[in-house]
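Remarks on the structure that follows.
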Amino acid sequence: MNRISFLIIAVLLCVSQLHAQNPWIVEADNIQPDNYYGVTVANGMLGLVSSPQPLKVSSVILAGSYDIYGRGRVSNFLNGFNMLNMQLSINGNSVNSNNITQFKQVLDMKQGIQTSSFMFKDEAKVEYSYLAIRQLPFSAMLDVTITPLKDITITAANILETPEAFRDSKNFYNQINRKHVSIALLTSSAYSPTGKLNICASSSFIFPEKRGEEPQIIHSTPNCNNHSMKFTKELKAGVKYHFSLVGSTITSAYHPDPLNEVERLTIFARLEGNDRLLNKHREAWNKLWESDIVIEGDPVAQQDIHNMMYHLYSFVREGSALSISPMGLSGLGYNGHIFWDADTWMFPALLLLHPEMARSFVDYRFYRLEAAKKNAFEHGFRGAMYPWESSDSGFEETPVWALSGTFEHHISGCVALAAWNYYLVTKDKEWLKEKGFPIIRATADFWLDRVEKNEQGKYEIRNVVAADEWAENVDNDAFTNGVAQINLEVAANAAGILQEKVKSQWLEVAKNLVIHKFDNGVTKEHKTYNGEGIKQADVNLLAYPLGIIQSPPQIKKDLEYYEVRVPEKDTPAMTQAIFSLLYARLGNKEKAYHFFKDAYVPNLNPPFRVIAETKGGTNPYFITGAGGILQTVMMGFGGLEITPAGIVQKKGSLPGHWKSLTMKGIGLEKKTFVVK
């Protein structure tokens, strides 16, 4: 082979790879039900998880709606009504995974739509799309197009089935007729396991035909937990037929009359019509993507970063005053509870990309401040002690067997730091006065009671579960003491800005909190730490995000010591993300890229490259890990930092094969930062 031929082949292979790795599209064309991890389309309130079965959604997750059932005698996310459940028959044969071919599913991250297609024998091609409608928080849509290859007869049925844990279900069917439109409403209502919440769902078909020409809808109720509506249509070969199904679901957590409201919402979506719903949905997603991360030179990393951003955007809703759990709206993992994951791992990335969305995280904490104060009171402390696991009430929701619920107190400092960073980015002094400072002051007061003064006049925090949760009931955990120090310092800073009283004890304790070291100068994870394996980064968090350790030699020394103490498996993705971020800031491109890949690639599950919590794990989507990796890209490779002067860019350090990194729409001013 001559040199020119070799170059041509090399170029073609490169172009082929770039074409195959679309930055916005994830394709799955080898769908195996026994090795399938669904992808979520969500709008920050409603999550629809894909299924390996045609025309199915595997689960519907409702944000902010909890009841006590299942694991640990604590509140759990509700797996809601599947109001888009569809059954299709062609020429009397029910479509299923055993009688279709060329089944393909595609996630369009730019538009927030999951599209599927398949062939049914030699009779028809079927294409359908699911979306959680971005502009309508409690509504979703299924869009179906059938291309007949022969003359066929189809029957499409929408089935509403009451989830197993629900009780006292009731089914309703209404036909609303007006001069210009006929609306069929399939509705179900039930109560959550303890009766705490009333959950309702409703759906309606949208047909292309004019009033009076649409197919007849037949309603049936085989039992009290299941009912359906269906229509039959004869289709001519080569003539496409398109119809849609809109559905809404809401609980009494959001509306005092969910039954009537859910039907109103479905009627609203039905009369908006398919085109208006899709256009507004796409406009909303286009606006979200005005804040973007563009990687030149690594198409695989580009697609993966978009995947992480897509899920973060999907799981959060501006103005909701809700935070998100480690698994977002992808399932019932961790009972849907809110941990430090939200404040420390997801929030900083979102704060840079969309401060208006990130505000929901800190508002969520503000509205549960009184519960945190009661929690502190119960434990004999002043101020506010935030729970390790939180749901709707703001009280402790950790199962009793997990000691983190009683002792993992660093969460209070994490909440305070998030509130402070929100102020630094937005400079919203009114928010700081009304919501931010009350959080920061109350958590700072908690630490004044939580510390103990030793014989040397230093302050210790004894008997905690460390950020490295394998270290239980230890004294002077490095991260706990470090975040307490930051909490106390920012309380003084915030008070000064607002011309409030600065307590002298805040700075006195902050200046004298103990952080132990080994004789060789390595920062010690806790007082009795002796080199054992760690679950996740703890000491290294003192360099980022806390900024307590700033000396490059010390950061390097601590990295080299702790990076070899993390086992290959059973550790969360954030650990390697922090290693990568810090190595990038030190200018070590090789190690930075190694840990960047190690943070998530071994955690990916098919067919949509969804991230699990651990290497080889099976509980995706782990949005905590995604948040950590996005911080690696922006704060490590990109050099961005949140400071009292706002968002600034310091020297970035890219992996060797990355040509450039562009971060667009950053902060309130929507700035662009570039590293080459």
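The values are calculated or read from the model by the stated rules, or taken from the named source; none is laboratory data. This structure is a prediction, so every number in the text was calculated from the model and none was measured. All Cβ positions, glycine included, derive from the backbone under ideal geometry; neighbour counts span all protein chains shown.
Here are the numbers for the structure shown:
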{"item": "Region 651-662, residues that are at pLDDT 95 or above, out of contact with any helix residue (DSSP H, G or I) (no Cβ under 6 Å at 6 or more places or on another chain) and either assigned to a loop (DSSP other than H, G, I, E, B) or among the hydrophobic types (A, V, I, L, M, F, W, C) (or both)", "result": "657, 658, 659"}
{"item": "Hits in region 58-90 (condition: aliphatic (A, V, I, L, M), closer than 20 Å to residue 190 by Cα and part of a strand (DSSP E or B))", "result": "60, 61, 62, 63, 68, 78"}
{"item": "Segments classed as helices (runs of 4 or more DSSP H), wholly inside region 384-450, with at least 2 members that are polar (S, T, N, Q)", "result": "404-407, 410-426"}
{"item": "Residues within region 612-624 that are at pLDDT 95 or above, more than 15 Å from residue 41 (Cα to Cα) and either in contact with a His (Cβ under 9 Å, 6 or more places away or on another chain) or surrounded by fewer than 19 Cβ atoms within 10 Å (Cβ to Cβ) (or both), tallied", "result": "0"}
{"item": "Tabulated pairs, region 129-148, first closer than 13 Å to residue 240 by Cβ, second among the hydrophobic types (A, V, I, L, M, F, W, C) and surrounded by fewer than 20 Cβ atoms within 10 Å (Cβ to Cβ), C-beta under 7 angstrom, 6+ apart or interchain", "result": "146/235; 148/235; 148/237; 148/239"}
{"item": "Only one of 142, 160, 136, 186 that is at pLDDT 95 or above, on the phi < 0 side of the Ramachandran plot and part of a loop (DSSP other than H, G, I, E, B)", "result": "136"}
{"item": "Unique match (being more than 24 Å from the chain's Cα centre (by Cα), of a type in the set (Asp, Glu) and under 21 Å from residue 345 (Cβ atoms)) among 477, 445", "result": "477"}
{"item": "Residues of region 563-588 that turn out to be in contact with a helix residue (DSSP H, G or I) (Cβ under 8 Å, 6 or more places away or on another chain), part of a helix (DSSP H, G or I) and surrounded by fewer than 24 Cβ atoms within 10 Å (Cβ to Cβ), as a count", "result": "3"}
{"item": "Output for region 278-297, where each listed residue is crowded, with 20+ Cβ neighbours inside 10 Å, aliphatic (A, V, I, L, M) and not in a helix (DSSP H, G or I)", "result": "293, 295"}
{"item": "Close pairs from region 336-363: first among the acidic types (Asp, Glu), partner surrounded by 24 or more Cβ atoms within 10 Å (Cβ to Cβ) and assigned to a helix (DSSP H, G or I), Cβ under 6 Å, at least 6 apart", "result": "341/624; 343/414; 343/415; 343/418"}
{"item": "Check on residue 404, of a type outside the set (Phe, Trp, Tyr), in contact (Cβ under 8 Å) with a residue 60 or more places away in the chain and under 30 Å from residue 498 (Cα atoms)", "result": "no"}
{"item": "From the options 246, 300, 239, 262, residue that is among the β-branched types (Val, Ile, Thr), touching a residue at least 40 places away in the same chain (Cβ under 8 Å) and part of a loop (DSSP other than H, G, I, E, B)", "result": "239"}
{"item": "Residue in region 302-317 that is among the basic types (Lys, Arg), within 19 Å of the chain's Cα centre (by Cα) and within 30 Å of residue 368 (Cα to Cα) present", "result": "yes"}
{"item": "Selection status of residue 125, modelled with pLDDT of 95 or more, surrounded by fewer than 16 Cβ atoms within 10 Å (Cβ to Cβ), assigned to a strand (DSSP E or B) and in contact with a helix residue (DSSP H, G or I) (Cβ under 9 Å, 6 or more places away or on another chain)", "result": "no"}
{"item": "Test: residue 275 is under 27 Å from residue 22 (Cα atoms), surrounded by fewer than 22 Cβ atoms within 10 Å (Cβ to Cβ) and of a type outside the set (Gly, Ala, Ser)", "result": "yes"}
{"item": "Residue match in region 514-529 (condition: within 30 Å of residue 438 (Cβ to Cβ) and either part of a helix (DSSP H, G or I) or not charged (D, E, K, R) (or both))", "result": "yes"}
{"item": "Residue check, residue 286 among the polar types (S, T, N, Q) and within 30 Å of residue 316 (Cβ to Cβ)", "result": "yes"}
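Yes/no per residue for (1) buried (at least 18 other Cβ atoms within 10 Å of the Cβ); (2) within 30 Å of residue 38 (Cα to Cα); (3) polar (S, T, N, Q):
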residue: 499; (1), (2), (3): no, no, yes
residue: 511; (1), (2), (3): no, no, no
residue: 518; (1), (2), (3): no, no, no
residue: 531; (1), (2), (3): no, no, no
residue: 543; (1), (2), (3): yes, no, no
